[in-house]
């Protein structure tokens with residue numbers, strides 16, 4: 001017997017329609033590259049999106065057509081989020097910080113027909129204008145066209161594109177399983193791979209994102225996605241904000257600590273999310289002047305890579321700011337787990353909880369985990385055994401766009417994340433490495449992440465990376481590559497002393513090398529593949 005309930009598709013457009021109808025008083029703020037703020041509302045955001053959809057439909061854009069963006073967090077980008085997906089096309093965010101060849105590859109692979117570009121990142125597109133896909137019809141500048149660039153296709157402004165449209169547009173009722181957006185992985189190994197999200201997966205993901213154990217968002221919040229809108233859909237915050245009717249501040253490209261703090265205080269930000277680099281720099285900036293204090297401490301979420309415990313501790317102890325550690329991937333929309341208190345940890349004191357906060361936590365409902373060892377068997381939940389994390393769920397990718405037979409997707413419906421983790425008795429994971437970065441010494445595994453985090457405890461170490469180098473007897477041994485803090489001269493002996501007694505003796509790096517900088521990807525992650533190339537001929541001392 002079937003239930004007697006109405007059946008309405010879960011569509012991205014329904015989120016904006018809800019916010020515009022029921023949360024007319026919430027404020028939206030968009031900050032341009034010059035720091036000038038524009039204020040608008042959810043009804044005005046829906047009008048923007050409808051006018052954009054009208055304009056694209058007038059140009060003949062069809063359902064499923066890919067529309068690319070190279071842009072920051074802004075009012076215009078928000079209109080694209082909803083206007084493109086709402087009309088049935090596919091909103092394709094491209095990271096303007098990627099290398100030119102990667103941008104060219106992504107645009108060609110996606111076969112985008114239009115590219116919307118913030119004028120400040122126009123050079124990223126100029127660098128690949130000779131490699132644009134043949135199907136590209138127009139480049140639309142999200143600002144005035146002062147001088148038509150030398151493009152082989154039409155160039156116009158977003159304002160001119162939408163001029164004359166009245167917003168009298170009805171959102172079509174689409175199949176909720178149709179694609180709504182496309183995002184590519186960061187390409188740390190090989191070229192980036194496309195992940196194609198559906199309306200259904202996006203709405204379900206947003207429903208989970210607003211829950212108390214994730215972002216804990218409500219209509220009373222003022223949220224600020226510091227994470228870019230080109231980075232896995234800003235971790236769902238533009239959708240979650242509309243779902244709850246929260247106010248939202250879009251900070252643009254100026255993400256320095258002073259600019260962010262001014263927005264926190266001036267706009268009354270209650271919740272924000274960003275990568276570790278952002279919060280680490282903000283903490284350092286706050287500490288530089290004792291008068292810099294939050295009038296009302298916001299809630300923060302961190303993701304991308306692990307945040308050192310001293311940073312989490314510093315925010316909580318000195319400023320009353322709690323940081324929730326989240327983990328995810330482009331393939332998981334991206335939320336896969338968060339580390340928040342549960343029944344067993346509710347009574348822990350701050351010291352015990354902060355030590356535990358280094359972990360990536362447990363999955364929410366909708367994401368299922370399994371961790372298998374090298375023999376395909378489940379690992380023990382003892383915080384010691386390693387295994388590769390696999391996930392499945394309604395917002396987990398089932399395949400890559402334009403790629404078939406990828407080994408990451410199993411026949412029984414699991415996605416192999418490539419993350420090597422431990423499990424504890426409470427079901428929390430802790431990422432100890434990427435499968436491709438584990439150092440295999442004498443048939444045993446050494447966690448490069450553990451070595452790096454321990455090295456960062458040295459007062460003179462700014463960045464650290466542990467990589468494998470060839471060894472005639474043990475196959476691989478760890479080499480620790482360190483960037484000293486400016487004005488300091490740490491020694492190899494002093495760095496290794498920090499690790500003494502904290503790891504097994506056979507885990508200890510065989511050598512420490514000091515460098516001026518470490519290679520980073522366009523998303524700010526340590527680019528170990530490039531670092532391994534740099535040291536591929538390295539010879540350990542006898």
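Does region 247-268 hold any residues that are buried (at least 16 other Cβ atoms within 10 Å of the Cβ) and part of a loop (DSSP other than H, G, I, E, B), and which are they?
251, 252, 253, 254, 255, listed by residue number.
Output the helices (runs of 4 or more DSSP H) that fall wholly within region 269-358 and possess 2 or more residues being free of Cβ contacts under 8 Å to residues at least 40 places away in the same chain, within 28 Å of residue 246 (Cα to Cα) and in contact with a helix residue (DSSP H, G or I) (Cβ under 8 Å, 6 or more places away or on another chain), or say none.
The qualifying helices (runs of 4 or more DSSP H) are 276-287, 309-319.
Hey, among the residues in region 45-62 that are part of a loop (DSSP other than H, G, I, E, B) and under 14 Å from residue 162 (Cβ atoms), which one's farthest from the chain's Cα centre (by Cα)?
So, considering only residues that are part of a loop (DSSP other than H, G, I, E, B) and under 14 Å from residue 162 (Cβ atoms), the one farthest from the chain's Cα centre (by Cα) is 59.
Given the criteria closer than 30 Å to residue 135 by Cβ and modelled with pLDDT of 95 or more, does residue 60 qualify?
Taking the combined requirement at face value, the residue satisfies it.
With 320, 304, 361, 314 as the choices, which residue is within 30 Å of residue 253 (Cβ to Cβ), buried (at least 17 other Cβ atoms within 10 Å of the Cβ) and modelled with pLDDT of 95 or more?
Just a single option satisfies the conditions, and that option is 314.
For residue 227, indicate whether it is crowded, with 16+ Cβ neighbours inside 10 Å, in contact (Cβ under 8 Å) with a residue 24 or more places away in the chain and not in a loop (DSSP other than H, G, I, E, B).
So residue 227 does not fit the description; no.
From (1) assigned by TED's automatic domain parsing to the domain that holds residue 525; (2) surrounded by 16 or more Cβ atoms within 10 Å (Cβ to Cβ), pick out the condition that doesn't hold for residue 430.
Among (1) assigned by TED's automatic domain parsing to the domain that holds residue 525; (2) surrounded by 16 or more Cβ atoms within 10 Å (Cβ to Cβ), residue 430 violates only (1).
Is it the case that region 94-108 has a residue that's at pLDDT below 95, closer than 23 Å to residue 238 by Cβ, touching a helix residue (DSSP H, G or I) at 6+ places or on another chain (Cβ under 9 Å) and in a helix (DSSP H, G or I)?
Checking region 94-108: at least one residue is at pLDDT below 95, closer than 23 Å to residue 238 by Cβ, touching a helix residue (DSSP H, G or I) at 6+ places or on another chain (Cβ under 9 Å) and in a helix (DSSP H, G or I).
Can you say whether residue 437 is at negative phi, surrounded by 18 or more Cβ atoms within 10 Å (Cβ to Cβ) and out of contact with any strand residue (DSSP E or B) (no Cβ under 7 Å at 6 or more places or on another chain), as far as the supplied structure shows?
yes
Quick one: which of 198, 181 is surrounded by 16 or more Cβ atoms within 10 Å (Cβ to Cβ), free of Cβ contacts under 8 Å to residues at least 60 places away in the same chain and within 28 Å of residue 7 (Cα to Cα)?
The unique qualifying residue is 198.
Closer than 24 Å to residue 179 by Cα and buried (at least 19 other Cβ atoms within 10 Å of the Cβ): is that true of residue 397 in this structure?
yes
Touching a residue at least 24 places away in the same chain (Cβ under 8 Å), more than 25 Å from the chain's Cα centre (by Cα), on the phi < 0 side of the Ramachandran plot and assigned to a loop (DSSP other than H, G, I, E, B), is that true of residue 490?
yes
In region 63-80, how many residues are within 21 Å of residue 133 (Cα to Cα), in contact with a strand residue (DSSP E or B) (Cβ under 6 Å, 6 or more places away or on another chain) and in a loop (DSSP other than H, G, I, E, B)?
Result for region 63-80: 0.
Out of all the residues in region 28-44, is one or more surrounded by 16 or more Cβ atoms within 10 Å (Cβ to Cβ) and in a loop (DSSP other than H, G, I, E, B)?
Within region 28-44 (the criterion being surrounded by 16 or more Cβ atoms within 10 Å (Cβ to Cβ) and in a loop (DSSP other than H, G, I, E, B)), the answer is yes, since at least one residue qualifies.
Take the residues in region 140-150 that are crowded, with 16+ Cβ neighbours inside 10 Å and either at pLDDT below 90 or part of a loop (DSSP other than H, G, I, E, B) (or both), then tell me which one is farthest from the chain's Cα centre (by Cα).
Looking at residues that are crowded, with 16+ Cβ neighbours inside 10 Å and either at pLDDT below 90 or part of a loop (DSSP other than H, G, I, E, B) (or both), I get 145.
More than 29 Å from residue 62 (Cβ to Cβ) and assigned to a helix (DSSP H, G or I): is that true of residue 120 in this structure?
Here the answer is yes, as residue 120 does meet what is asked.
Does residue 341 satisfy the condition of being at pLDDT 95 or above, within 30 Å of residue 238 (Cα to Cα) and surrounded by fewer than 16 Cβ atoms within 10 Å (Cβ to Cβ)?
yes
Go through the residues of region 456-467 one by one and say whether even a single one is part of a helix (DSSP H, G or I) and surrounded by fewer than 19 Cβ atoms within 10 Å (Cβ to Cβ).
No; the residues of region 456-467 include none that is part of a helix (DSSP H, G or I) and surrounded by fewer than 19 Cβ atoms within 10 Å (Cβ to Cβ).
So for region 129-139 (the condition being buried (at least 24 other Cβ atoms within 10 Å of the Cβ), on the phi < 0 side of the Ramachandran plot and outside the structural domain of residue 401 (by TED's automatic domain parsing)), does at least one residue qualify?
yes
Looking only at region 57-83, how many residues end up being in contact (Cβ under 8 Å) with a residue 60 or more places away in the chain and either surrounded by 24 or more Cβ atoms within 10 Å (Cβ to Cβ) or closer than 22 Å to residue 273 by Cα (or both)?
Adding up the residues that qualify gives 13.
Looking at (1) closer than 29 Å to residue 15 by Cβ; (2) without any contact (Cβ under 8 Å) to a residue 24 or more places away in the chain, can you tell me which one residue 147 breaks?
(1)
The values are calculated or read from the model by the stated rules, or taken from the named source; none is laboratory data. Since we're looking at a predicted model, the values are computed, not measured. Cβ atoms come from the backbone with ideal geometry, glycine included; neighbour counts cover every protein chain shown.
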